[in-house]
Every structure is written in C-alpha cells, then in structure tokens.
Amino acid sequence: MRNFEAIPEIRAYHESAEFRNKPIFTPGAPYKFPVQEQRITPNPSIEGKVVIAYWMMQGRAEPIIKLAKYTKLPFEFKGYTNPADWQADKAVLKHLFPNVPYIKTGETVMCETDAIVIQVCALANREELLGRNNQELVQGAAVRGVVKDILNDLFGLYFNPNWQTEQAKVLEKCAGRLKRLEKFAAGKKFILGNDLVLADFFLYQILYFLSKMGETILSPYPNLLNFMRNFEAIPEIRAYHESDEFRNKPIFTPGAPYKFPVQEQRVAKTSSSCCNLS
C-alpha cells in the first residue's frame, strides 16, 4: 500500500478534493466504517507556515524548490531582490549562522542547503529520498560532492568580470567530472537507478546551468542528457517548469557579469545590486 500510495500520480489524486469528497461507499448503506479515511494528511511535525527564502533567482536554492515541489510540501517562496531587505531579516533571524537559502517552519529556522533538503524530506515524509539503503546514502553523497565542485566552479565564472576569456578553462575543468558522471549514469533512469534521490535534484541543476551556457556543451554526454529528459518528465517537475513561478526567476543574479547565451526566462529586470549571496 505504501509503495502504491507513493506513486506521484496516485498521491496527487489522493490529495485532491476530487478524491477526498467521495465517500468510501454509499452513505445509505447500513455499514458504517469505523476508520473513516482521512486520506493523506500533512506531517504532524509541521507547525506553522513553511517559508523557503533565497534571492529572486534559481542559483543555489533551485534544487530545494524542485524537491519541495516534487514532494508536494506546501511552502511559500520568499525571493529577495533588495540586499537591504535580506540584511534586515538576517539581523533578526533566529539562527546561529543566518544565511540564504534558509527554510523557516513556524519559528524554527534552518540554513545551509544540505541541511535544508534533509528538512524538506522530513517535513514531507519522504525520507526515502535520502537513500533507501547504505549504498544509496554513500553514492548519493559522493555524487552531490562532485556536483558541488562543478557548481562552485560555475559560480566563480559567473562572478568573474573576465568570464568571456575564462569560460573555456572552466568548462575544461568541469569536463573531467562530467565524463565520470556520464559513465556513472550509463543505463540508468536517474543517477542511482530507477528511484529518485537527493543527488538527482542537484545534478539536474548544474546540467541545466550548463545547457544555458551553450547549446552544444552537453552534447558529449548523452547519458546525462537522457537523465535530464527523465527528470524533466516527472509530472511535478514538468508542471513547475511550465509555471510562471519558474519562468519568472532568472537563472542567476542580473547583477553578475556573466550573461547566459541561452536564456529562456522571460523576466522583468530587477535591481542590479542584488546579490552578494551571503
């Protein structure tokens, strides 16, 4: 039952009013069900509204947003466009090391991306995304480490005023890691197999960034391109990608020197002073 109810389409239907508003059996029948279904209920550990905050762009927070969308965790996105607004919130945020992105659940605040994605899985009752066994835990963490190295190199390029002369060097550096990921992804639907794990959300994001840096950058990596297609075909991800919520967020801060040659977002310009990402 748990496996069946975890199927995204079944879970979505079970959470809908269409399903909830139908009684199990005709109300005119003599039998009364002693355990009247409540269907799928929110995690009782969620106390108060869930807010995920970051700059008004994809950046480092997008894997978190996609994870929350996929797990159907109700949340509000707070997108900062003015550094002064973030500094004002930062001063009163109840956390020893306040930073963005952060997640706020009631009065509980958690920062740092790795901690936030674990919190999202816990709040959504989807701990299996952390890894279904020790092998998935270890392999998923290894993939996320490689992805983080690539992401740091890309962010360094995006902030580099000489990015046009440095891009080839950065992409060459990334190529070694991408080749290993390409080999690891061979014959798999997602990066560890047929089931999603946290690493998939982070891997997809760096591949998305690279795809917007040039139309042929990922051509040498057919397995990774197949992974991207499989990830984008997930109903929750496809619906999010088709939404204005996604389309109205730039890939990176408009104030950065780097300009994506394959920019698909249709957005109004925001203050060029955003963002220092800290």
Condition test on Lys104, is it open to solvent by 20 Å² or more (accessible area, probe 1.4 Å), part of a loop (DSSP other than H, G, I, E, B) and either closer than 24 Å to Glu5 by Cβ or in contact (Cβ under 8 Å) with a residue 12 or more places away in the chain (or both)? no
Find all pairs meeting these conditions: Cβ atoms under 8 angstrom apart; at least six residues apart or on different chains; first residue within region 167-179 and more than 16 Å from Ser211 (Cβ to Cβ) and modelled with pLDDT of 95 or more; second residue hydroxyl-bearing (Ser, Thr, Tyr) and surrounded by 13 or more Cβ atoms within 10 Å (Cβ to Cβ). Lys179/Tyr221
Please list, ordered by first then second residue, the pairs with beta carbon atoms under 6 Å, 6 or more apart or interchain, first in region 228-250 and modelled with pLDDT of 95 or more, second basic (Lys, Arg) and not in a helix (DSSP H, G or I). Asn230/Lys189
Within region 212-219, does at least one residue satisfy the condition of being open to solvent by 10 Å² or more (accessible area, probe 1.4 Å), within 24 Å of Glu127 (Cβ to Cβ), polar (S, T, N, Q) and part of a loop (DSSP other than H, G, I, E, B)? no
Hey, Pro98 more than 22 Å from the chain's Cα centre (by Cα), of a type outside the set (A, V, I, L, M) and open to solvent by 30 Å² or more (accessible area, probe 1.4 Å) or not: no
Are there any pairs, at least 6 apart or on different chains, whose C-beta atoms fall under 6 Å, with the first in region 55-77 and over 15 Å from Phe231 (Cβ atoms) and without any contact (Cβ under 8 Å) to a residue 40 or more places away in the chain and the second part of a strand (DSSP E or B) and open to solvent by less than 10 Å² (accessible area, probe 1.4 Å), and if so, which? Phe75/Val50; Phe75/Ile52
Residue under question is Gly140, and the condition is that it be among the small types (Gly, Ala, Ser), over 27 Å from Asn248 (Cα atoms), open to solvent by less than 10 Å² (accessible area, probe 1.4 Å) and at pLDDT 95 or above; does it hold? yes
Checking Gly193 against (1) over 24 Å from Met57 (Cα atoms); (2) in a helix (DSSP H, G or I); (3) free of Cβ contacts under 8 Å to residues at least 40 places away in the same chain; (4) not β-branched (Val, Ile, Thr), which single condition isn't satisfied? (2)
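The values are calculated or read from the model by the stated rules, or taken from the named source; none is laboratory data. Not measured: the values here are computed from a predicted model. Every residue, glycine among them, receives a Cβ derived from its backbone with ideal geometry; neighbour counts consider all protein chains shown. Ligands, DNA and RNA are stripped out before the accessible areas are found, and what is left, the full protein with its side chains, is counted by its heavy atoms. Shrake-Rupley method; radii C 1.70, N 1.55, O 1.52, S 1.80 Å.
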